[in-house]
């Protein structure tokens, strides 16, 4: 019963915060604000913050403090200004993990893939997720044991009865979602080079790239890890592979994906991708591979299809190096 009340509060908070985002955007294209959104750089030229990020985070933080003064709050903008980036989510205390505006670059260009992301974490694991993309009017929500939903009426994944199995030739037949990330250093064998190499492997014809060609149906990049996870939970994306995210980028999305029946594990392949363990990834790992909810086929269960897809992705991707500063 207590979780139900927190869930209702989180959903309304997401709606209210999303209205602040869309109001700020509309003030620009309605001629009531500056023609361009001013921003400041954080770690790189593509890691930016706007006044809207900070205003929306302040609103969310204040709202939570008034309702649940004993809960811990971790927000992207508050955290980014701190001196440490060690993993801060406590193992036992109820914690809110918030990204007030995921897809800030999208927002500054008025590309509609931006959202507010709110997660409530219990025992170190996301229990509630709320993602609201106000430009698209898409509200993704979940509560542990109560399902995952789009706009509070459509249960996720959207295609149900039955939920489709993973393609027999996965990653062939799959839509592969990925991001370029904020680490753009043009160095030999750096993260950018490894990502591009992996993208090519996934996209190339079967038999190409030294046998690593995956011939996926398509490669998509939304510019928002949060939206990538929401679309994977929805079933629009079959696979999401990424490194470099922080807890606030993924916490709500992981809650929604898992409640919808998806699988989340690490982006980096083990020594033997075909036989290595498939661990459940931790929030602070910065390395993620998500597979959409999947139903059974004539030859395997839904989980078996997801795990087979994980191993086929691992065979084609490079290991990424995203450590936690100070860790």
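Okay, here's what the table says:
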read-out: Which listed residue, of 119, 127, is under 12 Å from the mean Cα position of the chain (by Cα) and modelled with pLDDT of 90 or more; value: 119
read-out: Verdict on residue 73 being modelled with pLDDT of 85 or more, in a strand (DSSP E or B) and more than 22 Å from residue 133 (Cβ to Cβ); value: yes
read-out: Residue check, residue 143 over 24 Å from residue 314 (Cα atoms) and in contact with a helix residue (DSSP H, G or I) (Cβ under 7 Å, 6 or more places away or on another chain); value: yes
read-out: Looking only at the range 34-70, and only at residues there that are part of a loop (DSSP other than H, G, I, E, B) and surrounded by 14 or more Cβ atoms within 10 Å (Cβ to Cβ), the one that is modelled with the highest pLDDT; value: 68
read-out: Meets criteria (over 12 Å from the mean Cα position of the chain (by Cα) and surrounded by 19 or more Cβ atoms within 10 Å (Cβ to Cβ)) for residue 269; value: yes
read-out: Condition check for residue 233: over 14 Å from residue 102 (Cα atoms) and modelled with pLDDT of 95 or more; value: yes
read-out: Qualifying residues in the range 244-257 (those that are touching a helix residue (DSSP H, G or I) at 6+ places or on another chain (Cβ under 7 Å) and at pLDDT 95 or above) - the one farthest from residue 98 (Cα to Cα); value: 257
read-out: Enumeration of residues in the range 218-237 that are surrounded by 14 or more Cβ atoms within 10 Å (Cβ to Cβ) and over 20 Å from residue 320 (Cβ atoms); value: 227, 230, 231, 233, 234, 235, 236
read-out: Some residue of the range 179-194 being under 30 Å from residue 139 (Cβ atoms), buried (at least 24 other Cβ atoms within 10 Å of the Cβ) and in contact (Cβ under 8 Å) with a residue 24 or more places away in the chain; value: no
read-out: Any chance residue 214 is surrounded by fewer than 17 Cβ atoms within 10 Å (Cβ to Cβ) and over 27 Å from residue 24 (Cβ atoms); value: no
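Residue-wise test of (1) closer than 24 Å to residue 321 by Cα; (2) out of contact with any strand residue (DSSP E or B) (no Cβ under 8 Å at 6 or more places or on another chain).
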position	(1), (2)
209	yes, yes
242	yes, no
249	yes, no
259	no, no
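The values are calculated or read from the model by the stated rules, or taken from the named source; none is laboratory data. Model, not experiment: these values are computed from the prediction. Every residue, glycine among them, receives a Cβ derived from its backbone with ideal geometry; neighbour counts consider all protein chains shown.
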